[in-house]
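To start, the structure under review is shown below, and the notes come after it.
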Amino acid sequence: MTALARPAGLDLRTALLLTVPPALWAGNAVVGRLLREMASPMTLNFVRWLLALLLLAPLALAVLRRGSPLWPHWRRYAWLGLLGIGCYNALQYLALQTSTPMNVTLVGASMPLWMMGTGALFFGQRITRQALAGALLSMAGVAVVLSRGQWQVLADLHLLPGDLYMMLATIAWAFYSWLLTRTHEPASVRRDWAAFLMAQLVFGTAWSALFSAGEWLLTPARFVWSWPLAAALAFIVLGPALLAFRCWGEGVQRAGPNNAAFFLNLTPLFAALLSALFLGEAPQPYHALAFALIVGGIVVSSRR
């Protein structure tokens, strides 16, 4: 029988675990924007996770052996690999082809609403009034981004392709995070973060390879090797891939998906700072308004 993992609360360790991923994923958004002329999004995602798989293999090679306690639950890890590794990251890189890191991360700030809706519809979780109010404030911040700060535009809003791709990525991540809380395997295996991540990577890399193959068959794909590309790959493999997924996985299991989702709203702040430093994309006034609404959502949802 399956069960939902019980959150352990929001202590200092949990807060730190959930703060590291937004910082690294903001950097991933900036790097993805920088690499858009060097590598196609699906191929970049595949190469990233293939390298992560090779780096993780010495720590968790036993998970691939016959008789591993993870294989009886291969369908679960196939879904985790599809949603968290195959879909979310590929869609984010695709979004960055036509949108900026600040816009992409701010659209991703709608995560609390998607997380609560997913939990209520598919995982039997109750939505509190405070959590809903906080999520609506975050969604108001997203509306500011999508309208570029011009409210009259909302009546005749035409979303950029990148905004839509990031919205799909956010929905995929909501399902991924809730599936993380489903307990199937023995506790001893779940505590082995390398084995737990490797089980996802095996399937996620396969999904990514499939998407990359489709990209080369159907589009003018590209992967131009250079030392800047190599340096960027080193960062996104070690940081946003391995370290961020390791921290997020433990943080979600300790705090629960709904509480963890609001930490993702820190990503736009980090993205704005990094974009100003590396891309010369200075924040606009409507970004400040959007971030204020997002922070308001965090405050409202966390009040007792």
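The values are calculated or read from the model by the stated rules, or taken from the named source; none is laboratory data. No experiment lies behind these values; they were computed from the predicted model shown. For neighbour counting, all protein chains shown are included, and Cβ atoms are generated from backbone atoms with ideal geometry for every residue, glycine included.
Of the residues Ala260, Ala199, Ala221, only one is of a type outside the set (Ser, Thr, Tyr), outside any helix (DSSP H, G or I) and surrounded by 15 or more Cβ atoms within 10 Å (Cβ to Cβ); which?
Checking each option against the conditions leaves just Ala221.
In the range 152-159, is there at least one residue being part of a helix (DSSP H, G or I), loosely packed, with under 13 Cβ neighbours inside 10 Å and modelled with pLDDT of 80 or more?
no
Out of curiosity, is Ala244 modelled with pLDDT under 90, buried (at least 19 other Cβ atoms within 10 Å of the Cβ) and farther than 19 Å from Val63 by Cα?
no
Here are some residues: Leu83, Leu137, Leu94, Leu70. Which one is touching a Pro at 6+ places or on another chain (Cβ under 8 Å), crowded, with 18+ Cβ neighbours inside 10 Å and at negative phi?
Residue meeting the stated conditions: Leu94.
Just to be sure I understand the filter: pairs with C-beta atoms under 7 Å, separated by 6 or more residues or on different chains, first member in the range 24-43 and charged (D, E, K, R), second member outside any helix (DSSP H, G or I). Which pairs pass?
Filtered contacts from the range 24-43: Arg33/Leu96; Arg33/Thr100; Arg33/Leu279; Arg36/Leu96; Arg36/Gln97.
Looking at Arg33, Arg48 in this structure, which one is among the charged types (D, E, K, R), touching a helix residue (DSSP H, G or I) at 6+ places or on another chain (Cβ under 6 Å), at pLDDT 90 or above and in a helix (DSSP H, G or I)?
None of the other options fit; the residue is Arg48.
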